[in-house]
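Accompanying notes for the structure given below.
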Amino acid sequence: MNAWLRQHRQAAIAALRRLGVLNTAVIGVALSLPAGGYALLENLRGMTGRLELDTQISLYLQPSAKRAEADAIGRTLRADPRLAKVRFVPREQALKELSGVQGLAEVIAALGRNPLPDAFVVTPRTENVEQLSAELAGLPGVAHVQADAAWARRLAALANIGRVAIWLLSALLGAGLVAVTFNTIRLQILTQRAEIEVSKLIGATDGFIRRPFYYMGLFQGAAGGIVALGIVAAGLGLLNREVRVLAQSYGSGFRLEFLAPGDALAVVVFAGLLGSLGAQLAVARQLREIEPT
Amino acid sequence: MVSFSAVAKRYPGGQEALKSVSFSLDAGELAFVTGRSGAGKSTLLKLIAAIERPTSGSVIVNGQNVGALKRAAVPYLRRNIGLVFQDQKLLYDRSVFDNVMLPLAFSGLPPREAARRTRAALDKVGLLGREKANPIQLSGGEQQRLAIARAVVNRPGILIGDEPTANLDAESAALILEVFVGFNQVGVTVLIATHDRSLVERYGRRVLRLEEGRIA
């Protein structure tokens, strides 16, 4: 057991010595794309998670509508079993709320009269918002209907597309990592041809000869993963300078967060495993061909 | 220790290196294999170390049938055979010491014991003072002695030299042969291939003379 451990340590040290800076950098840059994309997506998800995703429908009445008409519409809405909540927003209240928004008070004051209509804000029970919206738009006195959460849904849908794209990118660049490692190890085997031949002559087992190459693939992949994390951290740091300026203008302390520790570890481990896979493919192909003659 | 019976070796392409070779070498024996170049000397030695496999006949080494040996078993056979080649197959990216140490890397010996054995092997071939040198700095004779040190560091039962004195001046060649004889005196079975008749005659040992793929 002791001898076995010693042999593994020797193989690992030999592999570390041969680790190439350039190959590690190539792998790091390639992996930083999906890792960085994932970090941005996670940030986006955190953001949309804080938003109200309950769909609300706003019904704007015709500006000419009288309060009595509004009351009639309100009764119809409250009687509708598909609606969970119905809230009436009189035009005066809407104007007051709008005046509270920074910078708009002066604009409204300049208008001289209230341009806003009465409105209802309803929360539907049904999922079929589109159809309900169309129906509500048909009520007499209703000028315009808007499903408020649509944009949030679109954002979530976009995030899902982004997620699929990240997975595709990860798969492609993961395959690239295997190929890069395969080639590196293949070349390394060729440069060590003499050593391998001599080792076979003096009784080295195949396992002994393969071991340093497996370690090299593993370490190169993992080192590439660490480089990728470094690139992502540096990139987010640069972005955060600008994000902070933007966020402050909204009175928010929002900043882009780095990958969660578990995710960061997964990047390194996964990269290491892919590197090891590339090494195994190269070794399986190359090592049998080198036989002493 | 080594036993050939009716061994033939035909290489792909039809070249027949050995037609029918039978002999046996007892443990502790020293013998020379002679013959013109191309007579099959190297092939005979390679068959012992499973570098080549016989086309027919059987090669028995240490009681193992080399022709039927599984790939995974070959390294363990070779650990009991010290091989010295005409081109020494040294590694020039490391020191004399590390070259000799190489076979001990997979022996499982503790590092201190491995270092001790390495020095002992270098001492036996008279290279103890050069352990930090690179093999490229050594003379031809010294390189050949280094190859012998590497071959014997694992204390094999069989030591094989394939033209170990070729390319050497008479004095260096005699020194190399003395080293081989020295190992034989401590019980190692030794087989040396050479085309140098005068060297062989000087020792008066057993000679296996190869002619046209047979022992004459």
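The values are calculated or read from the model by the stated rules, or taken from the named source; none is laboratory data. Since this is a predicted model, take the numbers as computed values, not measurements. No Cβ is skipped: glycine too gets one built from the backbone with ideal geometry, and neighbour counts run over all protein chains shown.
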Could you say whether any residue in region B:85-99 is of a type in the set (F, W, Y) and more than 30 Å from A:Q10 (Cβ to Cβ)? no
Identity of the residue in region B:83-114, touching an Asp or Glu at 6+ places or on another chain (Cβ under 6 Å) and at pLDDT 90 or above, that ends up nearest to the other protein chains (Cβ to nearest Cβ): B:L91
Across region A:1-34, the tally of residues that are out of contact with any Gly (no Cβ under 9 Å at 6 or more places or on another chain), away from chain B (no Cβ under 14 Å) and aliphatic (A, V, I, L, M) stands at 5
Limited to region B:69-84, what total is found for residues that are buried (at least 20 other Cβ atoms within 10 Å of the Cβ) and within 12 Å of the chain's Cα centre (by Cα)? 5
Contacts under 8 angstrom Cβ, first residue in region A:17-42 being of a type in the set (K, R), partner buried (at least 17 other Cβ atoms within 10 Å of the Cβ), 6 or more apart: A:R18/A:Q188; A:R18/A:P212; A:R18/A:M216
Region A:181-202 residues that are within 14 Å of another protein chain (Cβ to nearest Cβ), paired with ones that are of a type in the set (D, E) and part of a loop (DSSP other than H, G, I, E, B) (beta carbon under 8 Å, 6 or more apart): A:E195/B:D93; A:E197/A:E291; A:K200/A:E291
Residues in region B:122-140: is at least one within 11 Å of another protein chain (Cβ to nearest Cβ) and modelled with pLDDT of 90 or more? no
Tell me yes or no: at least one residue of region A:143-155 is within 21 Å of the chain's Cα centre (by Cα) and either assigned to a loop (DSSP other than H, G, I, E, B) or of a type outside the set (A, V, I, L, M, F, W, C) (or both). yes
Expected output for region B:104-116 (first residue among the small types (G, A, S), partner surrounded by fewer than 15 Cβ atoms within 10 Å (Cβ to Cβ) and part of a helix (DSSP H, G or I), Cβ below 9 Å, 6+ apart or cross-chain) is B:S107/A:A3; B:G108/A:N2; B:G108/A:A3; B:G108/A:W4
Within region A:178-196, count every residue that is hydrophobic (A, V, I, L, M, F, W, C) and within 31 Å of the chain's Cα centre (by Cα). 4
List pairs: first residue in region A:235-261 and more than 25 Å from A:G28 (Cα to Cα), second residue part of a helix (DSSP H, G or I) anywhere in the structure, Cβ distance under 6 angstrom, at least six positions apart or on different chains. A:F254/A:A247
Farther than 30 Å from B:S198 by Cα, surrounded by 19 or more Cβ atoms within 10 Å (Cβ to Cβ) and in contact with a strand residue (DSSP E or B) (Cβ under 6 Å, 6 or more places away or on another chain): which single residue out of B:V66, B:V96 fits that description? B:V66
Going through B:G63, B:G14, B:G57 one at a time, which residue ends up being away from chain A (no Cβ under 14 Å) and either under 26 Å from B:R205 (Cα atoms) or within 20 Å of the chain's Cα centre (by Cα) (or both)? B:G63
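Table: residues versus (1) at pLDDT 85 or above; (2) farther than 30 Å from A:G275 by Cα.
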| site | (1), (2) |
| --- | --- |
| A:W4 | no, no |
| A:T48 | no, yes |
| A:L51 | no, yes |
| A:R87 | yes, yes |
| A:K96 | no, yes |
| A:V101 | no, yes |
| A:L116 | no, yes |
Starting from region A:153-166, keep only residues that are closer than 22 Å to A:N128 by Cβ, then list their pairs with residues that are in a helix (DSSP H, G or I) whose Cβ atoms are within a distance under 7 Å, requiring at least 6 positions of separation or different chains. A:L155/A:T48; A:A156/A:T48
Across region A:1-42, the tally of residues that are among the aromatic types (F, W, Y) and within 28 Å of the chain's Cα centre (by Cα) stands at 1
Considering region A:203-212 alone, what residues qualify as being outside any helix (DSSP H, G or I) and either at positive phi or in contact (Cβ under 8 Å) with a residue 24 or more places away in the chain (or both)? A:G203
Residues of region B:169-199 classified as closer than 24 Å to B:G38 by Cβ and surrounded by 20 or more Cβ atoms within 10 Å (Cβ to Cβ), total: 9
Any chance region A:219-228 includes a residue that's in a helix (DSSP H, G or I), out of contact with any Pro (no Cβ under 8 Å at 6 or more places or on another chain) and over 18 Å from A:G28 (Cβ atoms)? no
When restricted to B:S3, B:S37, B:S24, the only residue exposed (fewer than 15 other Cβ atoms within 10 Å of the Cβ) and part of a strand (DSSP E or B) is B:S24
